[in-house]
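Take a look at the structure below.
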Amino acid sequence: MSDARDGDRAAWLQGPGAECSSPAAEQEHPWRLILLGAPGVGKGTQADLLHKRLGACHLSTGDVFRAAATRTDCAPSPAMQQALEYMRRGELVPDATVSEMVRERRGCLRCRGGFILDGYPRTLGQAESLKQLLEEDSLALSAVVNYALPLHEIVERLSGRRTCQQCKAVFHVIHQPPRTEGLCDRCGGRLYQREDDRPESITVRMTAYETSTAPLIRFYDDLGLLLPVVADGSPEQILARTLGELEKRHAWNQQKAS
Ligand code: AMP
């Protein structure tokens, strides 16, 4: 799984010098989406599923940081090293670093397959910076999906989450256990607990979400882009709910354009 999908996202994961080995196919109506929601609400899983259904590229800023942390061919830049320290503590990386990183990768926002932003923007400053980037390229967001779930369920999901070191597939010790404990069903890679999924980091991340990210709900609601989706149930159920909302939005956009 890592091969094809990570190859597809090389320009995003590695930065401007890299080219995607199999770029997304052109879509007649490319979806340009933002997924909002607290850490652990399932945005990454939904972004993957939506990527398969809509063809739009899954662009996660957290994946860029994790890719930089595991790269062996070149050392991270000083700015990236500093960013990784923030990440290890579960804190938000400063806006200037994140916005610069996305600006360098702005070609991905022009992807002919569209995009699904996961974990970005996370502050009002980042939302403003993204708005400016999109306006410069005359690109419009299609919608902002806001996944909602009670706090205790989020904490339970995060602390039980295990990720494959090789292909990044995600499991849960109780809700989605692998067939063999500690090993990935897809590629046999070792499963690990992300450093920032440990209890002490979870608390920091939830506080960062409440103070910095939750105001984005209002920001995008005011722009008429927000689509609320309840994030309980299986990934497939949440996907069905999301697609239902997107269909309604698509019909509404069509009506507005005619
Ligand atoms: P995620 O996988 O999206 O939960 O991101 C993992 C970690 O990377 C976060 O806890 C932050 O430390 C950092 N990070 C990812 N995206 C951003 C962002 N847009 N702004 C600030 N920090 C970020």
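What follows is calculated from the coordinates using simple rules that are stated; it is not laboratory data. Everything numeric in this text was worked out from a predicted model, so none of it was measured. Counting neighbours? That spans all protein chains shown, and the Cβs are built from the backbone with ideal geometry, glycine included.
When N counts the residues of segment 59-172, how does its alpha-carbon radius of gyration compare numerically with 2.2 N^0.38 Å, as a ratio?
Numbers: Rg = 15.6 Å, N = 114, 2.2 N^0.38 = 13.3 Å.
Output field value: 1.17.
Model label points for Leu151 and Tyr192, set 7 angstrom from Cα along the Cα-to-Cβ axis, are 3.0 nm apart.
What FRET efficiency would be calculated for the residue pair Val230, His175, taking the C-beta separation as r and a Förster radius of 22 Å, to the nearest 0.05? Result of the calculation: an efficiency of 0.85.
Remark: the Ser159-Thr211 segment gains 16.6 nm on full extension, using 0.36 nm per residue and subtracting the alpha carbon distance. The GluC sites (Glu not before Pro) of segment 172-249 meeting both criteria, a DSSP state outside H, G, I, E and B (loop) and at most 14 other C-beta atoms within 10 angstrom of the site's C-beta, are Glu181. Among Ile154, Cys187, Ala169, which residue has its Cα furthest toward the positive end of the charge dipole of segment 134-258, with +1 on Lys/Arg Cβ and -1 on Asp/Glu Cβ? With unit charges placed on the Cβ atoms, the residue in question is Cys187. So how far apart, in nm, are the two label points at Arg103 and Gln255 if each is 7 Å from Cα heading toward Cβ? Computed distance between label sites Arg103 and Gln255 equals 4.0 nm. Between Glu135 and Glu247, the contour length at 0.36 nm per residue exceeds the Cα-Cα span by 37.9 nm. Sorting the segments 133-144, 112-123 by their mean number of nearby beta carbons within 10 angstrom, highest to lowest, gives 112-123, 133-144. For the peptides 67-76, 168-177, 40-49, residues were scored by their other Cβ atoms within 10 Å and the scores averaged per peptide; the highest-first order is 40-49, 168-177, 67-76. Give me the Debye-computed log₁₀ of I(q)/I(0) at q = 0.12, 0.13, 0.17 Å⁻¹ for the chain, equal point scatterers on Cα only, no solvent, two decimals. These q points yield log10 I(q)/I(0) values of -0.70, -0.84, -1.60.
Counting 0.36 nm for each residue step from Ser77 to Cys167 and taking away their Cα separation leaves a gain of 30.0 nm.
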